[in-house]
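Just so you know, all these numbers are worked out from the coordinates, no wet-lab data involved. Everything quoted here is computed from the prediction, not taken from an experiment. Methodologically, a virtual Cβ is constructed for each residue, glycine included, from the backbone with ideal geometry; neighbour enumeration extends over all protein chains shown.
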Amino acid sequence: MAFGFPVKRVTFNGKWNRLSWRRRERSEESSLSDGAYLGREWNDATESWVDFVRSGKDYYRDGLNNPAAFEFIGDVAGLAVLDLACGEGYNARILARKSAKVTGIDLSEKMIEFAKQEEEKDKLGIRFEVMNAADMHRLSNNHFDLVTCFMSLQDVRDFEKAIAEAARVLKYGGRFVFSIPHPCTEMIRLHEPEERKIRAIEKYFRRMEYTIEWNMERLTKPFRTTSFHRTLTDYFNALHKNKLVVTRLAEPRPTLEALQRYPGLRDVLEIPQSIIIESMKPEDPQ
Ligand SMILES: C[S@@+](CC[C@H](N)C(=O)[O-])C[C@H]1O[C@@H](n2cnc3c(N)ncnc32)[C@H](O)[C@@H]1O
């Protein structure tokens, strides 16, 4: 991996600097691998997350990001689709209802348990599995027509390996479509020298691991997760290294209709909240 994410301090130009994030109590976690640690955070968040997503309170999803991402995704009828970091399966179910043959994978056992329960209740033929996006050796090469990853790659520690894996499992001519919080405008909470929230652009070139405090009133229970700030170039370099060619990019804006339905989206009328990237694995040169 090109960049390390140290646990307690960030280095910049070879010097320790004072930029920091919440120092978590890691005594227990330190015995777990990174994957298990991040998966456990999402395990702890699952119930609250499931309510948030399934009850329509996630209006950034319903009013902003999904409409734009699904416009890129287009017609998926009959396609083999892999949804990376699928969470409790909300978007995997949308893809399956559009007649795709869907596999959903996620690091969190509990997210996958909830996804499977829903599949039991309403059978859409989705195969859900606990898997690290950075190591999908159980999935064959050149198998999927489309790989999706909705607002999750920023949460995947080894995003470069995840992109390499997405490229490997895609068929030649297949597409990888992913969305991430906009790397310039995402909000990052710094804890030193004083507690303050910044827009990522203020420290854009400092790759950071940081904690997101999910504490909106819309949640049944607050929770915390870990995210990674990287630059757009980092994502583009990883695509390029794996021979994925960028074909489209969108910075979604809410429509008038969406604004009327979800007034909270006014916050992102002038400032983009997310970015959606479509890339393609070129046809086999042989
Ligand atoms: C913000 S949630 C989004 C879930 C889903 N894509 C959605 O749109 O509802 C991020 C998800 O990424 C998953 N995740 C984080 N690191 C992962 C990894 N290395 N491999 C697979 N999933 C991962 C988490 O478990 C969590 O379910």
Filter 57/221; 98/171; 110/171; 116/243; 110/221; 161/243 down to the pairs with a C-alpha to C-alpha distance above 23 Å, please. 110/171; 116/243
So what's the net charge close to residue 248: Lys and Arg +1, Asp and Glu -1, counting the other residues with Cβ under 14 Å from its Cβ? -2
Can you tell me which of 239-251, 48-60 comes out highest on packing, and rank the rest after it, using the mean Cβ neighbours within 10 Å? 48-60, 239-251
With eigenvalues of the C-alpha gyration tensor scaled by 5 and rooted, region 84-188, Å: 21, 17, 13
A student asked for the Cα radius of gyration and Dmax of region 66-145 in angstrom ought to give 12.1, 32
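Fewest to most neighbouring Cβ within 10 Å: what's the order for 233, 185?
233, 185
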Can you compute the helix-only [θ] at 222 nm over the chain? Use -39500 (n - 2.57) per DSSP H run of at least 4 residues, normalise by all residues, nearest 500 deg cm²/dmol. -8000 deg cm²/dmol
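Sort 191, 137 so the one with the fewest other Cβ atoms within 10 Å of its own Cβ comes first.
On the way: 191 14, 137 9.
By the 10 Å Cβ count, ascending, the order reads 137, 191.
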Relative contact order for the chain, counting Cα pairs under 8 Å that sit 6 or more residues apart, in percent: 20 percent
Using all C-alpha to C-alpha distances in the chain, build P(r) with 10 Å bins and read off the rounded percent in each one. 6, 27, 38, 23, 5, 0
Using packing as a proxy for protection, rank 65-78, 196-209 so that the peptide with the highest average count of other Cβ atoms within 10 Å comes first. 65-78, 196-209
Under 11 Å from the Cβ of residue 259, count the other residues' Cβ atoms, weight Lys and Arg +1, Asp and Glu -1, and hand me the total. +1
Search the structure for amide H atoms under 5 Å from the amide H of residue 151, placed 1.01 Å from N in the peptide plane, and list their residues when 5 or more places away or on another chain. 179, 180
Any residue on another chain or 5+ positions along whose placed amide H is under 5 Å from the amide H of residue 192 is listed here as 20
Please report the antiparallel percentage of DSSP beta bridges with both residues in the chain, rounded to the nearest 5. 60 percent
